[in-house]
Amino acid sequence: MWVIAIVQKIVKDFLTIFASIIIIITILRQIYNPNMDFDLNSIYIIMAFSLSSALIGLILYFPNDISEKKMRIRMAIHFFTLEILLIILGSIFGIVNRALDGIILALQIAVIYLIVRLLSWQKDKKEAQKINEKLKAFKKEEFE
């Protein structure tokens, strides 16, 4: 059962990352180069970046019973691993040719990472609220 949950999480992360990249690129292209179109190769590259990012997310999943400090360390490792991998992929695909390109890509990755983490935190917060409400209802029933 946990395998299905992990696959669902990876797919959700992939779609969130992919959508975030497409939205950000669309906005930036409208501002800086409105005549530029998305070609199929660009979409495939964005898909590769999104899938790589989602798969690296496995760093955060095992084991589940770790302290908050260890989870923060894992998140830092995850972020820097992601930055390095995507900059290397950018170099392979010819997106990163200069140091400035690498810095810009690193900043874009950081913004998208922040968006994904905020969305994930918001979802976790809602789940925690539901659990707390159920616990309160259980305690109330227990004392009645």
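The values are calculated or read from the model by the stated rules, or taken from the named source; none is laboratory data. Source: prediction; values computed, not measured. All Cβ positions, even for glycine, are placed from backbone atoms using ideal geometry, and neighbour counts span all protein chains on display. Side chains are part of the model used for accessible areas, which takes the heavy atoms of the whole protein and leaves out ligands, DNA and RNA. Shrake-Rupley method; radii C 1.70, N 1.55, O 1.52, S 1.80 Å.
The set of residues in the range 23-36 that are part of a helix (DSSP H, G or I) and either of a type in the set (S, T, Y) or over 17 Å from L114 (Cβ atoms) (or both) comprises T26, R29, Q30, I31, Y32. D65 falls short on exactly one of the conditions (1) part of a loop (DSSP other than H, G, I, E, B); (2) at pLDDT 85 or above; (3) charged (D, E, K, R), and that condition is (2).
This table checks each residue for (1) farther than 19 Å from L105 by Cβ; (2) of a type in the set (S, T, N, Q); (3) within 18 Å of the chain's Cα centre (by Cα).
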site: I31; (1), (2), (3): no, no, no
site: D37; (1), (2), (3): yes, no, no
site: N41; (1), (2), (3): no, yes, no
site: I56; (1), (2), (3): no, no, yes
site: L60; (1), (2), (3): yes, no, yes
site: D65; (1), (2), (3): yes, no, no
site: M71; (1), (2), (3): yes, no, yes
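Scanning the range 22-36 for residues that are of a type in the set (A, V, I, L, M) and open to solvent by 80 Å² or more (accessible area, probe 1.4 Å) yields a count of 4.
Filtered by the rule that a residue be open to solvent by less than 80 Å² (accessible area, probe 1.4 Å), free of Cβ contacts under 8 Å to residues at least 12 places away in the same chain and of a type in the set (A, V, I, L, M), the range 100-114 gives a lone residue, I104.
Of all residues in the range 37-73, those satisfying the criterion of being within 14 Å of Y113 (Cα to Cα) and open to solvent by less than 60 Å² (accessible area, probe 1.4 Å) are F49, S50, S52, S53, A54, I56, G57, L60. Taking the range 1-45 as the range and being of a type in the set (S, T, N, Q) and touching a residue at least 24 places away in the same chain (Cβ under 8 Å) as the test, the residues that pass are T16, S20. Applying the set (1) among the hydrophobic types (A, V, I, L, M, F, W, C); (2) assigned to a helix (DSSP H, G or I); (3) within 17 Å of S50 (Cα to Cα); (4) over 17 Å from the mean Cα position of the chain (by Cα) to F80 leaves exactly one unmet item: (4).
In the set I59, I104, I24, I43, only one residue is modelled with pLDDT under 85 and farther than 30 Å from W2 by Cα; that residue is I24.
Residue count for the range 115-124 satisfying the condition of being modelled with pLDDT of 85 or more and open to solvent by 100 Å² or more (accessible area, probe 1.4 Å): 0. Just one of the numbered conditions (1) assigned to a helix (DSSP H, G or I); (2) touching a residue at least 24 places away in the same chain (Cβ under 8 Å); (3) open to solvent by less than 80 Å² (accessible area, probe 1.4 Å) is not true of I95: (1).
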